[in-house]
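Scroll down for the structure; my scribbles are underneath it.
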């Protein structure tokens, strides 16, 4: 499952992000740099983070989401398709990346590292290609379209240097249920792009993700060997397969560790706080899910754990403007946030916070020299500045938005007067 992130393409959106960043609304580095055990807590091997998926598709909501996730994230996930509508209409890759630059800069200014995943498939149906591409009557099977996709990936790597770079999401679902020709094309594309990304951005770790429930159902583990990547991403929504988190087998992640020597990254997943058409859910089970998966990830020494829906999605808001079929499908994921759509914490928030407050294990040494941890302004693994300035920062963000909107309104009035 993939929730399309809000594209900051409108001038007002870019201006707001740029102004917020310029205003110096930044924080000290996050807990990702705390490497010593605190309070007797055992270190975790996996860094943690969220996608800045907003509850409603407005600039103010996205800024608020970025602010909120920064308190409990070391990484931010930007998972998007190639901007096919803009590029097929004659837009340039450079201009589209310019639109994304303020968002990346703002995330990094808040201490978060970047995971970027360029999705070659429809996030709500892994047997199909992206809706904008399909609507234009094109396919990755066309050499020119494939070349554009690859050019976009290279440009992202060269411009933004993400710490992790994903080239396909839940790709085993396509192998199990979709076109073999399209699957083989994407496999070839991934294996072509991996060395290119290494050349353009030597520090980036390349991955593809597998849908765990599909892999178990279809014995998709041998497919891992098809991909020449640095790590294996995992996507899992176990409430669609199990009644309660305690029912998730101990071997659920171990099976992947047995199938590959690649580092494991949980890059998508969750448990709903309400029941849906696809599975069970309750606030209690949602909190227990995080405790359960945290222990299972510890067991396989996973390197990363990311969620996509931090705050519940308010799909009733007209900003989403989804076709009925896609809204119905997305509704199964809408209550998987660890906060409500107004950022009120659920019990699952405390479960995530408890894991996040554990220190991150020291990174492996390179060439005999261990990475030096940056512990400036940290208290028990959390930035002191992060604890006291939240209200002030949110007020500043609101003020910036009002100033920019007000300036735009005055400009319109002035033009009308002349």
- Task: Check off (1) more than 13 Å from residue 208 (Cβ to Cβ); (2) at pLDDT 95 or above; (3) assigned to a loop (DSSP other than H, G, I, E, B) for residue 168 and give me the number that stays unchecked.
- Result: (1)
- Message: For the stretch 222-252, which positions are in contact with a strand residue (DSSP E or B) (Cβ under 7 Å, 6 or more places away or on another chain), closer than 28 Å to residue 198 by Cα and in a loop (DSSP other than H, G, I, E, B)?
- Response: 227, 229, 230
- Message: Please determine whether any residue of the stretch 264-278 is without any contact (Cβ under 8 Å) to a residue 12 or more places away in the chain and either surrounded by 20 or more Cβ atoms within 10 Å (Cβ to Cβ) or closer than 24 Å to residue 220 by Cα (or both).
- Response: no
- Task: Considering each of 64, 60, 95 in turn, give the residue that is in contact (Cβ under 8 Å) with a residue 40 or more places away in the chain, surrounded by fewer than 17 Cβ atoms within 10 Å (Cβ to Cβ) and not in a strand (DSSP E or B).
- Result: 60
- Find the residue count for the stretch 158-175, including only residues that are under 16 Å from residue 113 (Cβ atoms) and in contact with a strand residue (DSSP E or B) (Cβ under 6 Å, 6 or more places away or on another chain). 5
- Message: If I filter the stretch 136-165 down to residues being outside any helix (DSSP H, G or I) and out of contact with any helix residue (DSSP H, G or I) (no Cβ under 8 Å at 6 or more places or on another chain), which single residue comes out as nearest to residue 210 (Cα to Cα)?
- Response: 164
- Query: Which condition number does residue 102 fail, the rest of (1) buried (at least 20 other Cβ atoms within 10 Å of the Cβ); (2) touching a strand residue (DSSP E or B) at 6+ places or on another chain (Cβ under 8 Å) being met?
  - Reply: (2)
- Query: Taking the stretch 183-202 as the search range and keeping residues that are farther than 30 Å from residue 252 by Cα and surrounded by fewer than 16 Cβ atoms within 10 Å (Cβ to Cβ), which one is modelled with the lowest pLDDT?
  - Reply: 202
- Item | Identity of the residue in the stretch 279-315, in contact with a strand residue (DSSP E or B) (Cβ under 8 Å, 6 or more places away or on another chain) and in a helix (DSSP H, G or I), that ends up surrounded by the fewest Cβ atoms within 10 Å (Cβ to Cβ) | 298
- Determine whether the stretch 120-128 contains at least one residue that is in contact (Cβ under 8 Å) with a residue 24 or more places away in the chain, in contact with a strand residue (DSSP E or B) (Cβ under 9 Å, 6 or more places away or on another chain), surrounded by fewer than 17 Cβ atoms within 10 Å (Cβ to Cβ) and closer than 23 Å to residue 208 by Cα. yes
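The values are calculated or read from the model by the stated rules, or taken from the named source; none is laboratory data. This structure is a prediction, so every number in the text was calculated from the model and none was measured. With ideal geometry, Cβ positions are generated from the backbone for all residues, glycine too; neighbour counts draw on all protein chains shown.
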